[in-house]
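Down below is the structure, laid out as structure tokens.
The values are calculated or read from the model by the stated rules, or taken from the named source; none is laboratory data. Since we're looking at a predicted model, the values are computed, not measured. Reconstructed Cβ throughout: ideal geometry from the backbone, glycine too, with neighbour counts over all protein chains shown.
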Amino acid sequence: MKQNKILWVDDEIELLRSHIIFLNEKGYNVETVTNGEDAILEVKNKNFDLIFLDEMMAGLGGLETLAQIKEIKPNVPVVMVTKSEAENLMHDAIGSKISDYLIKPVLPSQILMVCKKFLESKQISVEYVSKDYLNDFNEISRRLLMNPDFEEWIKIYLKLVGWDMELDEHPEIGLRQTLVEQKKECNQEFSKFVEKNYKRWVGSVGSENTPTLSTQIVGKYVLPNLKNFDGPLFFFVIDCLRLDQWLVMEKHITNLFNIQKDYYYSILPTATPYARNALFSGLFPSEIEKYYPDLWTSSKDDENSMNKYEKDLLQLLLNRKKITLRNELKYVKIIDPEVGRSFEQNVYSHKKTNLMAVVVNFLDMIAHGRSDSDILKEIAPDEPAYRSLTNSWFQHSSLLNTLRAIATMPKAKVIVTTDHGSIRALRGSKVLGDREASTNLRFKFGRNLKVDDKHALFIKNPGDFKLPKRGVTISYIIAKEDYYFIYPTDYHKYLSYYKDSFQHGGISMEEMILPVITMESKT
């Protein structure tokens, strides 16, 4: 095991001899010098893992020495040891990039704590993370045997996502594959659970044993925030946002808003034309087709043809609920950076808008674009990298700047959610169907569809699932777990092309269990 090297710089080093002996006994290799000039020479010629630096020394002072050390070895942690508690000195030291500071006289226990913090925290953390994960692994496995309900599935998913994030910070632990296999097992059981219960859910919306579904989001979270509220309400729908991606984004805005998270289940298929229209309208797809046939005009399930009427559907929902806004409902769909920047620049003009609905399409474009871009596949080869890509986008996005601007508006509220998530599709499933069957990878509708029922939910009567009938002989299939559908023609070509792509439309925790975030500005 590597012995950590420490440099201690103090012009009264002999008075600290007992501390140095103590550290040596704890396994640290401590070298000492009595002035700044010698410290700089030592740093030039040797590698140290940690430096203790006296603030007040004859000759070159502590801050001057610190500045030169940082020029030579900018990444070595330096702990300032000082007799003074003057605030301006602390500001100067922190501004000069010290890692920590101690006030004399220092106790051996304080020194040891600092050493462990900078030299052993990673190792200590790894030990505890490994132990905690194995405990949770066993707990999740136990829960799977107890027939979890929809609320317990949310808890299981939150636990798994939490470990996803934790292991991102500790890739050296080697537990990632274990977590991947456990998520796979959980999605297998989750798919069985959804297949068994979904038909009942859509038939008993709002009942005690039914989760909150897409059709309830506006009524449950948006409309109550319009009552007796004279500030602006912004309703953001970030297309294809998974819970783990939101948690990455949330870190950048916790200082701006008071944040509350709830969770809901997307309807099936977990695809934009179905789930997002259901979210804005408060209706299932079959109900939209029945009551507003002009707003369900195409048999093609693509973004452009089937999501043109989100503002209209939301306004109709407001009308049905007899909600009268103070001013006109506003809506914008951000489909490229230019539209995003324009909205960011004009967001203050909405500080008196009663309800501003915003659809953000960027994450969906990343998910689709990754299938076609070797560069994106290289940048985001796996889920940790996919989260990192989300983080990089959000940090530099107009969306973050827009939220920062909203946070300065008095009484502003923000509801953030999504229509569906996405899953990393890893296993192909051969599907047969007629020439007119839809081309989606995670769900299909058409005549004479055939697929392994272990890989998909087969829906013979779409009406039972509140899906458009589209014709007497039309059926649907919806992929389970991480399967994706491939036709026999050029099977191996497309099997390889779409493997390891992020897809949506099917049944998985990642696609169905979604966050609803309510935020109030701290202004």
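Here are a few things to note about the model shown:
- Selection status of I69, closer than 16 Å to L7 by Cβ and either at pLDDT 90 or above or surrounded by fewer than 14 Cβ atoms within 10 Å (Cβ to Cβ) (or both): yes
- Checklist (1) surrounded by 16 or more Cβ atoms within 10 Å (Cβ to Cβ); (2) outside the structural domain of K352 (by TED's automatic domain parsing); (3) acidic (D, E) applied to D239, failing item: (2)
- Of residues in segment 360-375 being under 20 Å from F343 (Cα atoms) and in a helix (DSSP H, G or I), the one farthest from the chain's Cα centre (by Cα): M365
- In segment 40-57, the residues that are of a type in the set (A, V, I, L, M, F, W, C), more than 19 Å from C115 (Cα to Cα) and in contact with a helix residue (DSSP H, G or I) (Cβ under 8 Å, 6 or more places away or on another chain): I40, M56, M57
- Output for segment 173-204, where each listed residue is surrounded by fewer than 16 Cβ atoms within 10 Å (Cβ to Cβ) and of a type in the set (S, T, Y): T178, S204
- Of all residues in segment 428-446, exactly one satisfies the criterion of being of a type in the set (D, E, K, R), at pLDDT 90 or above and in a loop (DSSP other than H, G, I, E, B), namely R442.
- Qualifying positions in segment 128-150 - among the charged types (D, E, K, R) and surrounded by 11 or more Cβ atoms within 10 Å (Cβ to Cβ): D132, D136, E139, R143, D149
- Criterion violated by S96 - all others in (1) over 26 Å from the mean Cα position of the chain (by Cα); (2) among the small types (G, A, S); (3) modelled with pLDDT of 85 or more satisfied: (3)
- Subset tally (residues that are outside any helix (DSSP H, G or I), polar (S, T, N, Q) and out of contact with any strand residue (DSSP E or B) (no Cβ under 8 Å at 6 or more places or on another chain)) for segment 376-427: 1
- Members of segment 451-480 that are charged (D, E, K, R), out of contact with any Lys or Arg (no Cβ under 9 Å at 6 or more places or on another chain) and free of Cβ contacts under 8 Å to residues at least 60 places away in the same chain: D453, K460
- The set of residues in segment 323-345 being more than 27 Å from the chain's Cα centre (by Cα) and more than 20 Å from L279 (Cβ to Cβ) consists of T324, R326, N327, E328.
- Selected residue (only one of K308, K261 is modelled with pLDDT under 90 and in the same structural domain as M365 (by TED's automatic domain parsing)): K308
- Of all residues in segment 58-76 being outside any loop (DSSP other than H, G, I, E, B) and of a type outside the set (A, V, I, L, M), the one that is farthest from F118 (Cα to Cα): E64
- Odd one out for G162, checked against (1) assigned by TED's automatic domain parsing to the domain that holds E127; (2) touching a residue at least 12 places away in the same chain (Cβ under 8 Å): (2)
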